[in-house]
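The values are calculated or read from the model by the stated rules, or taken from the named source; none is laboratory data. Predicted model, so just to flag it, every value in this text is computed and none were measured. Don't worry about glycine lacking a Cβ; one is built from the backbone with ideal geometry, like all the others, and counts go over all protein chains shown. Heavy atoms of the whole protein, side chains included, go into the accessibility calculation; ligands, DNA and RNA do not. Shrake-Rupley method; radii C 1.70, N 1.55, O 1.52, S 1.80 Å.
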Amino acid sequence: MENLYFVAGLAVGLFLFSMYTSYVKHRWKEKNEKEKQIYQLVENSRDIIYIVQLQPEQKHIYISPALDSYLGKGIVEASLEDPYLPLKLIHPDDLDTLEKKITDQLDYSKPFIQRWRNRIGEYRWFEEYASPVYNEDGDLIELHGILRNIDEKVQLQQNLEYRSTHDALTGLYNRDYFDQLMEKYDQEVESAVGMILCDLDKLKDMNDQYGHKHGDSYIQKAAEVFLESTPLNAAVSRVGGDEFTILLTNTTPEEVESVFNQIQKHVNDHNDCHPNSRLALSMGYAFNTHSTGEMDDLFIEADQRMYQHKRSKTEVYTYT
């Protein structure tokens, strides 16, 4: 009888063990399936996901394939082989941020923006969130992070900024930007400054006689002349329908006069080559060794000289 109970107990035990192992296998399979799904999500993500070990030695433990899609094929493999490759690919202006990130000197609760160079030398914009991992002594030993490409966002922002500071017709700076420069050099930045004011003669008459399309072309040609005649330290602005300013900083009286003469030369060259579409400008310039507290007076002086030039002229333009 005892043997019968033993056999029955053994059978029940084996049955329960079989049920348990089946359950464990089922759960293990479910777990693997979930891990596989998560892995596939990470691998197929458009965001770049990484794990980098910083101690005891620096190395990349994982980088998702998305990095190759943004920077070029083989960058993931190269980064896994060379943990210091990011130092070579990051934009020089963002290198300090990267160094602070891996030395625990950043606020990891906030995203940070950076640029990375791709295979053809272009820089791509990314927004990164990083999560630090510390050991028992409080030392940073790992970083887990995700980078999202924001090229479109940055381009949109740059377009908006450009439109807020540039004239739509000519591409020159607009009145708002010129006013900002005036305030900046009048109140904040000390510099030797020069200003040239230019006015297109009888633009209204041209618009009335030939139409605004001809008038726009006239304005655009004048803008081209100003850009061709001015150095890199000059800010050329269209501040009104027919009014332009050229602000030179860190300059000299000789440079301001040279730019003034260069504009006149380009105008004369244009008129010699295009007698039926002559440019007519009235101009005046002024210079001051100091900018702070002097910008309004500088503008007034250049403006007075421009109107003296306008009143002294007897020639008229022709445009057909």
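Per residue, the accessible area of segment 177-320 comes to 51 Å² when a 1.4 Å probe rolls over the protein heavy atoms.
What do you get for GluC sites (Glu not before Pro) in segment 101-130 restricted to DSSP loop and a cutoff of at most 10 other Cβ within 10 Å of the site's Cβ?
Passing sites in segment 101-130 do not exist.
Distance between the pseudo-spin-label points of S109 and E257 (7 Å out from Cα toward the beta carbon): 6.2 nm.
Report, please, the projected area of segment 93-157 averaged over directions, based on the convex hull of its C-alpha atoms, in nm². Mind showing how you got there, number by number?
On the way: hull surface 20.6 nm².
With the hull built on Cα positions only, its mean projection is 5.2 nm².
For segment 181-320, the share of accessible area belonging to carbon and sulfur comes to 47 percent (1.4 Å probe, ligands and nucleic acids excluded). How many angstrom separate the Cα center of segment 56-101 from the Cα center of segment 144-218? When both Cα centres are located, 38 Å separates them. Kirkwood analysis of the Cα pair distances in segment 175-284 returns a hydrodynamic radius of 14.7 Å. Of the residues Q157, S64, I48, the one whose Cα sits farthest toward the positive end of the charge dipole of segment 48-159, with +1 on the Cβ of Lys and Arg and -1 on the Cβ of Asp and Glu, is Q157. At a Förster distance of 45 Å, what's the computed FRET efficiency of E136 paired with L232, Cβ-Cβ distance as r, to 0.05? The value I calculate is 0.20. Counted over segment 53-92 with a bin width of 5 Å, the fraction of Cα pairs per bin, in whole percents, is 6, 23, 31, 26, 11, 3, 0.
Taking a straight Cα-Cα cut-off under 13 Å and skipping sequence neighbours fewer than 8 places away in the same chain, the aspartates and glutamates within cross-link reach of K101 are E128, E142. Once both labels are positioned 7 Å from their Cα atoms along Cα-to-Cβ, the gap between T289 and K265 label points is 2.8 nm.
Here segment 88-233 is assigned +1 on the Cβ of each Lys and Arg and -1 on the Cβ of each Asp and Glu. Its dipole about the Cα centre then comes out at about 680 debye. Measuring against 32 Å, Cα to Cα, the residue pairs K88/K184; K213/K265; K73/K100; K153/K265; K213/K310 contain K88/K184; K153/K265 as the ones spanning a longer distance.
Modelled this way, with points 7 Å down the Cα-to-C-beta line, the labels at T165 and D272 are 3.7 nm from one another.
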